Amino acid sequence: NQHILLTSRPKGMPTMDNFKFEDIAIPEPQNGQVLLKTLYLSVDPYMRGRMNDTKSYVPPFELNKAISGGVVAEVVQSRSSELEEGDLVIGNLDWALYSVAEDAQVRKIDPDLAPITANLGILGMPGLTAYFGLLDIGNPQQGETVVVSGAAGAVGSAVGQIAKIKGARVVGIAGSEEKISYLKNELGFDAVVNYREAGNIRKALKEACPDGVDVYFDNVGGEISDAALSLLNQNARIPLCGQISLYNLEKADHGPRIQGQLLINSALMKGFIVSNYASHFEEGAKQLGQWLKDGKLKYEENIVEGFDNTIDAFLGLFKGENLGKQLVKVSEP
Ligand code: NDP
């Protein structure tokens, strides 16, 4: 067995030196517990925040302890009456080849309903983030302009498609020509901006949004968001979902002050955490599943093979290496 520890707190962009792969014994499940073999693990931008020793909505990862996150695993030994060998489950588990969990700590998943990896992406945390953040806070209306940053990622690609389902005109911002072409040609976004190529992002976004911006779903923060907020219409709504462009900054970023744009446009900007909506997850997942079945929603996954490549996969999020949900395939069922 092997697990991955956080051994020091990163300053700026994390490096391999902040982590350690350690050999450990396979743990023994006690009564009410199961032994789990990790099949797929999810690497997510929010984990960068947990590597800092700062107060947030989840406690920091502890030093010299295993990192944990979303995992799909197979029950290989059961001492629980709820789960049996061969069951597939999802839960917040250690970055390890094998781990032990209480049965109540994991949820059984049905491989016949959707590919098992979808539980970590479109039908899981990122899909639900897009669904509730966009619909509850953004509340897009027919014909309105919805701009989404981080548009080709797990959350952003779902946001854009749900906005299309609601009849909005959708503009995506992403960082490569491959992503731009995917958004336009595969997902049917109405306009796209490559922020790495655009030069003047404000000008490029203005051209893409001739009628201004009614909803800006913010995944990235920084200059991209300054540009989007400069184009707000009256009563615009801004679900503040993520700020990935700021997560690795060593010094706080003091951008242009944009509150004036919110004020003069009577705009609403609201931060949220997907778990705020936990009591509605079932309903959200059901709707997302239905849209998938109806072909109204598509998703991509970027799957890196091998537990050894987990850190590379995580760091790739900050370099834009992923189109769609970034996952690591650890072992075969
Ligand atoms: P993604 O799949 O979108 O992966 C991250 C993407 O961010 C990269 O592919 C890259 O795409 C883009 N990116 C990286 N660095 C920068 C940068 N400096 N400037 C602009 N874009 C950058 O991740 P998720 O979909 O999982 O998460 C998207 C956002 O949503 C994150 O900010 C995350 O923290 C947040 N989030 C918030 C939740 C909540 O509850 N509020 C829950 C889940 C996610 P590109 O090539 O386009 O640069």
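Please treat every number below as a calculation from the coordinates, not as lab data. All figures in this text were calculated on a predicted structure; none of them were measured in a lab. Every residue, glycine among them, receives a Cβ derived from its backbone with ideal geometry; neighbour counts consider all protein chains shown.
Worth pointing out:
- Segment 125-275: relative contact order as a whole-number percent, Cα under 8 Å and 6+ apart: 23
- Count Lys and Arg as plus one, Asp and Glu as minus one, and take only other residues whose Cβ is under 13 Å from that of Glu82; the net charge is then -2.
- For the pair segment 291-310 and segment 115-164, the centres of their Cα atoms are 14 angstrom apart.
- Tensor-based shape of segment 125-275 (alpha-carbon gyration tensor, a/c under 1.5 rounded, otherwise prolate or oblate): rounded
- From most to least packed by mean Cβ count within 10 Å, the peptides 73-81, 127-135 give 127-135, 73-81.
- Charge tally around Pro10: other residues with Cβ under 14 Å, Lys/Arg +1 each, Asp/Glu -1 each, net +2.
- Violating pairs (Cα-Cα greater than 26 angstrom) within the set Lys108/Lys270; Lys166/Lys319; Lys11/Lys55: Lys108/Lys270; Lys166/Lys319
- Computed on the chain, with alpha-carbon pairs under 8 angstrom and 6+ residues apart, the relative contact order is 17 percent.
- Label-point separation, Phe272 to Glu102 (7 Å along Cα→Cβ), nm: 2.9
- Cβ crowding within 10 Å averaged over residues, with 32-39, 228-235 ranked highest first: 32-39, 228-235
- Likely footprinting exposure, Asp94, Asp87, Asp226, Asp17, fewest C-beta neighbours within 10 Å first: Asp17, Asp226, Asp87, Asp94
- Per-residue [θ]222 nm for the chain (sum of -39500 (n - 2.57) over DSSP H runs n ≥ 4, rounded to 500): -6000 deg cm²/dmol
- Zone residues, segment 301-333, relative to Met16, backbone N less than 16 Å from point 7 Å out along Cα-to-Cβ: 306-316
- Residue-count net charge about Ser230 - beta-carbon cut-off 11 Å; Lys, Arg +1, Asp, Glu -1: +1
- Each of Leu183, Leu113 was scored by other Cβ atoms within 10 Å of its Cβ. Listed from fewest to most, they are Leu113, Leu183.
- Inter-label distance, nm, simple model (7 Å from Cα along the C-beta direction), Lys184/Lys251: 3.8
- Cross-link reach list, lysines versus Lys164, counting only Cα pairs under 21 Å and skipping chain neighbours closer than eight places: Lys179, Lys184, Lys206, Lys286, Lys293, Lys296, Lys298, Lys325
- Label zone at Gln141, where the point sits 7 Å out along the Cα-to-Cβ direction: segment 210-252 residues whose backbone N lies under 17 Å: 211-216, 232-239
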